[in-house]
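The values are calculated or read from the model by the stated rules, or taken from the named source; none is laboratory data. Keep in mind the model is a prediction, meaning the values are calculated, not measured. Every residue, glycine as well, gets a Cβ built from its backbone with ideal geometry; the counts of neighbours run over all protein chains shown. Only protein heavy atoms, including side chains, enter the accessible area calculation; ligands, DNA and RNA are left aside. Shrake-Rupley method; radii C 1.70, N 1.55, O 1.52, S 1.80 Å.
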Amino acid sequence: MNFNEYQDFIMEKTLELLNINSPTGYTEDAANYCLEEFRKLGFEAKLTNKGGVLVNIGGKDKENGLLLEAHTDTLGGMVSSIKSSGRLVVTPLGGMNANNAETENVTVITKFDGEYEGTFQLNNASIHVNGEYNDTKRTFDSCEVVLDEDVKSEEDTRKLGISVGDIVCFEPNARITKSGYIKSRFLDDKLSVGILLGFAKYIADNKITPKRAIYIHITVFEEVGHGGCASVPEGVTEAISVDMGCVGEGLTCTEKQVSICAKDSGGPYAFSIVKGLIEAAKKAGADYAVDVYPHYGSDVEATLSAGYDIKHGLIGAGVYASHGYERSHKEGALNTMKLLVAYVEL
């Protein structure tokens, strides 16, 4: 199987998606992008009531269907109040960490009056003025959005049309290095969406009819825990979350591998699925690692919690510095796609 031609496609689509703002609760643009991309490949795709994208890849056995889940919602923020200075207090969306967000450029998306730029800064951020700069703990209470507008009061900011509940999007700063690394915020989980687009393109290009029905669900509320709670097609008996693989101390995975998760904070994944994924990786010649994630939850666990009677698994390209400025590699993306193709052909 020749997959190398799909590497550039995966990276291209991942970069396009990374540059579409989609923090949890503001995902319509990214969902519409995914909808159109799957349709361009010739697949039936529709928006769910919740705002996700459900894709029918096809397949023969509709009583033993496989659902692949990835998410396009990301971390972000929301305006929770406006200070007397005109600056913004932000509440995080998902697990956004103030330490990782400090000094990042942001876009404030208002409900009715367009978009405004700003920067997420520590309160009193001038180190030559603030003697407590080094000792201040970075939290969403000790940081603020400084708008790139001439505002000096709460009234000035409100006149712009900014109000509580507006969305704060952090710049992804996405790039691919000469050595093949992809660095960006929100690789979790837009890289996986790119991989699933590559997988779908491979199926379409090679006119493959899978042995079993295959569906893809691009969810939009994973970062707050209920992305995979609905929209499971009839006949699905198994769901696999395609999300980021963890890279860090105590784990064996690297950014160039596909990670197969045996257990995370929600408990063990189905033993038979983990075993089957390892067999598929070996069959495909995909470089893989099996790990236990200490602090992690996935879409497919939300699917189980919603009461669906399915077996479940979790895979993903290795990603370092999760929920921060993340890094993976095109080889990790390719190994994940190799595993998926081999798994549906077992």
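Pairs only if they're at least six apart or on different chains, beta carbon under 8 angstrom, first in segment 76-98 and at pLDDT 95 or above, second among the basic types (Lys, Arg) and surrounded by fewer than 21 Cβ atoms within 10 Å (Cβ to Cβ); list them, first residue then second.
Once the first residue is at pLDDT 95 or above and sits in segment 76-98, its partners that are among the basic types (Lys, Arg) and surrounded by fewer than 21 Cβ atoms within 10 Å (Cβ to Cβ) give Ile82/Arg158; Ser85/Lys152; Gly86/Lys152; Val89/Lys83; Ala98/Arg138.
Right, Asp205: crowded, with 17+ Cβ neighbours inside 10 Å and of a type in the set (Asp, Glu) or not?
Values: crowded, with 17+ Cβ neighbours inside 10 Å: no; of a type in the set (Asp, Glu): yes.
So Asp205 does not fit the description; no.
Can you tell me which residue in segment 174-227 is farthest from Leu67 (Cα to Cα), limited to those that are small (Gly, Ala, Ser) and assigned to a strand (DSSP E or B)? Break it down into steps so the answer makes sense when it comes.
In the first step, residues of segment 174-227 are kept if they are small (Gly, Ala, Ser); the result is 174, 179-180, 184, 192, 194, 198, 200, 204, 213, 225, 227.
Pick out the ones that are also assigned to a strand (DSSP E or B) and you get 184, 213.
Numbers: Ser184: 27, Ala213: 8 Å.
For segment 174-227, the residue satisfying everything is Ser184.
Given (1) assigned to a loop (DSSP other than H, G, I, E, B); (2) open to solvent by less than 40 Å² (accessible area, probe 1.4 Å); (3) not basic (Lys, Arg), where does Val90 come up short, assuming only one miss?
Result: Val90 fails condition (1) only.
Do any residues in segment 244-267 that are among the basic types (Lys, Arg) have Cβ atoms under 9 Å from those of residues that are assigned to a loop (DSSP other than H, G, I, E, B) and modelled with pLDDT of 95 or more, where the two are at least six apart or on different chains, and which pairs are they?
Lys256/Gly180; Lys256/Asp287; Lys263/Tyr269; Lys263/Tyr293
Check segment 33-51 and report whether any residue there is part of a helix (DSSP H, G or I), closer than 22 Å to Met244 by Cα, in contact with a Lys or Arg (Cβ under 8 Å, 6 or more places away or on another chain) and without any contact (Cβ under 8 Å) to a residue 24 or more places away in the chain. Reasoning before the result, please.
Of segment 33-51, the ones part of a helix (DSSP H, G or I) are 33-40.
Add one more test, that the residue is closer than 22 Å to Met244 by Cα, and what stays is 33-35, 37-38.
Next, from what is left, pick out any that are in contact with a Lys or Arg (Cβ under 8 Å, 6 or more places away or on another chain): 35, 37.
Among the residues that remain, those that are also without any contact (Cβ under 8 Å) to a residue 24 or more places away in the chain are: 35.
Yes, segment 33-51 contains at least one residue that is part of a helix (DSSP H, G or I), closer than 22 Å to Met244 by Cα, in contact with a Lys or Arg (Cβ under 8 Å, 6 or more places away or on another chain) and without any contact (Cβ under 8 Å) to a residue 24 or more places away in the chain.
Out of curiosity, is Asp189 charged (D, E, K, R), closer than 30 Å to Ile10 by Cα and modelled with pLDDT of 95 or more? Before you say what the answer is, go through the steps one by one.
Numbers: charged (D, E, K, R): yes; closer than 30 Å to Ile10 by Cα: yes; modelled with pLDDT of 95 or more: yes.
Yes, satisfied.
In segment 55-74, what residues are crowded, with 22+ Cβ neighbours inside 10 Å and either free of Cβ contacts under 8 Å to residues at least 40 places away in the same chain or not acidic (Asp, Glu) (or both)? Working first, answer last.
Step one: filter segment 55-74 for residues crowded, with 22+ Cβ neighbours inside 10 Å, giving 55, 57, 65-74.
Residues satisfying the conditions are Val55, Ile57, Gly65, Leu66, Leu67, Leu68, Ala70, His71, Thr72, Thr74.
With respect to Ala262, is the statement that it is open to solvent by less than 10 Å² (accessible area, probe 1.4 Å) and modelled with pLDDT of 95 or more true?
Working: open to solvent by less than 10 Å² (accessible area, probe 1.4 Å): no; modelled with pLDDT of 95 or more: yes.
Criteria not met by Ala262.
Please state which one of Asp156, Asp135 is open to solvent by 40 Å² or more (accessible area, probe 1.4 Å), assigned to a helix (DSSP H, G or I) and out of contact with any Leu (no Cβ under 6 Å at 6 or more places or on another chain).
Details: Asp135 fails: assigned to a helix (DSSP H, G or I).
Exactly one residue qualifies, and that residue is Asp156.
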